[in-house]
Amino acid sequence: MTSGDGFETRAIHAGQEPDPSTGAIVPPISLATTFVQEAVGKHRGYEYSRSGNPTRAAMETCIASLEGARHGLAFASGLAAEDAILRTLDPGDHIIIPNDAYGGTFRLVARVYERLGISWTACDLRDLSALEAAWQPETTMVWVESPTNPLLSVVDIAAVAKLAHTRAARVIVDNTFATPYLQQPLALGAHASLHSSTKYLGGHSDVVGGFIAVNDAEFADELRFLQNAMGAVPSPFDCYLVLRGVKTLALRMREHCSNAQAIVRMLREHDAVAQVLYPDESEVARRQMRDFGGMVSFLANDEDTALELVTRTRLFTLAESLGAVESLIEHPARMTHASAAGSPLEVDPRLVRLSVGIESQADLVADLKNALDSLAND
Ligand SMILES: *Cc1c(COP(=O)(O)O)cnc(C)c1O
């Protein structure tokens, strides 16, 4: 393994030398909670499994490598990772968040951190003058999501990072939708790239997890301190599942992208669809992403049509979450983004969100088209 190795090679080998004691090709799931010390403080790098665990270390090394990062930290969920980042703020600080942030991000900032003395402004980060207008003397962090959940809007990460650097604020990018295969925020100037590894990194709807990749050693130390102090760490089995998932990340992402594009072509032609939201129309996305991802959102003609449609697909299963091999469909206003009701982040009730899986492309297109046709014929 050298740092010059390609993405697919690093996904399979980074952090995963054969086990020195047995030669096992796959890193063992290290369940031990504690590790022998030869003398006080003299050990082989592990003392207690909350502060460090060999399976977790393998996964942290691997995903950090995929993000082009020097440091990686795993958490028990995406929101636990977000919480660790937000805990680096001090009372009195101000944070700028996207006006269509993931519902859980909004809830954490508005309902948990606001009480702790952190103020916030939601703004359209695609518009740099809106970002400047939202800026306050106390602004120390800008939270970027790109593409966003659920509107799939694309933010120019390099442009936001450039502005934030001149004002000594940190830029955090929620890279969950793009994954490091499609987009590398640190190379664009962000201070941290964050994931819900529950989604594409895990990729199989069977593990909840979070991840932060950073380059700056001081920021990494601060986050590692919080990771241990708060204790929201993933279990060794969870780490094993995510490590196993990322081995096929590139392959899966190529299929997610190609299937999503076939779905988008069909939706753009369909009368029951008012508007399709997909990053392919963004010039910034073409510049900062390798491809446009597996998430597709669209507006049905009205809310009733949207609510009826999500019950009529056969392969697209009605469920929250995203980013796994199976295709899912949902109604953000009443499901994933219900907590944003009445806020500046409230979602259009006509909106339908698809997580396009890696089933046969023709089957997926036919499934959605049949459901849409059946509505038109009612
Ligand atoms: C799911 C999700 C999160 C939260 O992650 P959990 O693993 O569910 O805690 C954060 N950001 C985005 C974009 C997500 O989709």
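A few remarks follow.
- Count - residues of segment 35-68 that are assigned to a loop (DSSP other than H, G, I, E, B) and either among the β-branched types (V, I, T) or surrounded by fewer than 23 Cβ atoms within 10 Å (Cβ to Cβ) (or both): 16
- If you check I63, I25, I12 for being within 16 Å of the ligand (Cβ to nearest atom) and hydrophobic (A, V, I, L, M, F, W, C), only one passes: I63.
- Any pair with Cβ under 7 angstrom, 6 or more apart, that starts in segment 73-88 at a residue that is more than 16 Å from S193 (Cβ to Cβ) and ends at one that is away from the ligand (no atom under 11 Å from the Cβ): A76/V233; R87/L226
- For E218: the one exception among (1) acidic (D, E); (2) closer than 16 Å to I63 by Cα; (3) without any contact (Cβ under 8 Å) to a residue 24 or more places away in the chain: (2)
- Qualifying position, being surrounded by 21 or more Cβ atoms within 10 Å (Cβ to Cβ) and hydrophobic (A, V, I, L, M, F, W, C), among A366, A376, A333: A333
Residue-by-condition table, conditions (1) in contact with a Ser or Thr (Cβ under 7 Å, 6 or more places away or on another chain); (2) of a type in the set (D, E); (3) farther than 30 Å from D5 by Cβ:
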| position | (1), (2), (3) |
| --- | --- |
| Y48 | yes, no, yes |
| P54 | yes, no, no |
| F75 | no, no, no |
| I85 | no, no, no |
| D100 | yes, yes, yes |
| I157 | yes, no, no |
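- Among the residues of segment 84-101, the ones that are over 11 Å from I212 (Cα atoms) and either within 14 Å of the chain's Cα centre (by Cα) or among the small types (G, A, S) (or both) come to 2 in all.
- Every residue from segment 300-323 that is in contact with a Ser or Thr (Cβ under 7 Å, 6 or more places away or on another chain), part of a loop (DSSP other than H, G, I, E, B), surrounded by fewer than 23 Cβ atoms within 10 Å (Cβ to Cβ) and not polar (S, T, N, Q): L315, E320
- Any chance V242 is in contact with a Ser or Thr (Cβ under 6 Å, 6 or more places away or on another chain), within 13 Å of the ligand (Cβ to nearest atom) and modelled with pLDDT of 95 or more: yes
- Each residue in segment 324-376 was checked for being over 21 Å from T305 (Cα atoms) and either part of a helix (DSSP H, G or I) or not assigned by TED's automatic domain parsing to the domain that holds I263 (or both), and 5 pass.
- Number of residues in segment 306-350 that are touching a residue at least 40 places away in the same chain (Cβ under 8 Å), closer than 19 Å to L151 by Cβ and within 15 Å of the ligand (Cβ to nearest atom): the value is 11.
- Taking first residues from segment 157-179 that are under 15 Å from W143 (Cβ atoms) and partners that are charged (D, E, K, R) and outside any strand (DSSP E or B), the Cβ contacts under 6 Å between residues at least 6 apart in sequence or on separate chains come to T176/K199.
- Which numbered condition A285 fails, given (1) over 15 Å from A260 (Cα atoms); (2) within 18 Å of the chain's Cα centre (by Cα); (3) in a loop (DSSP other than H, G, I, E, B); (4) touching a residue at least 24 places away in the same chain (Cβ under 8 Å): (3)
- A69 vs. criteria touching a helix residue (DSSP H, G or I) at 6+ places or on another chain (Cβ under 9 Å), of a type in the set (A, V, I, L, M, F, W, C) and assigned by TED's automatic domain parsing to the domain that holds I12: yes
The values are calculated or read from the model by the stated rules, or taken from the named source; none is laboratory data. Given the structure is predicted, the values throughout are model-derived calculations rather than measurements. No Cβ is skipped: glycine too gets one built from the backbone with ideal geometry, and neighbour counts run over all protein chains shown.
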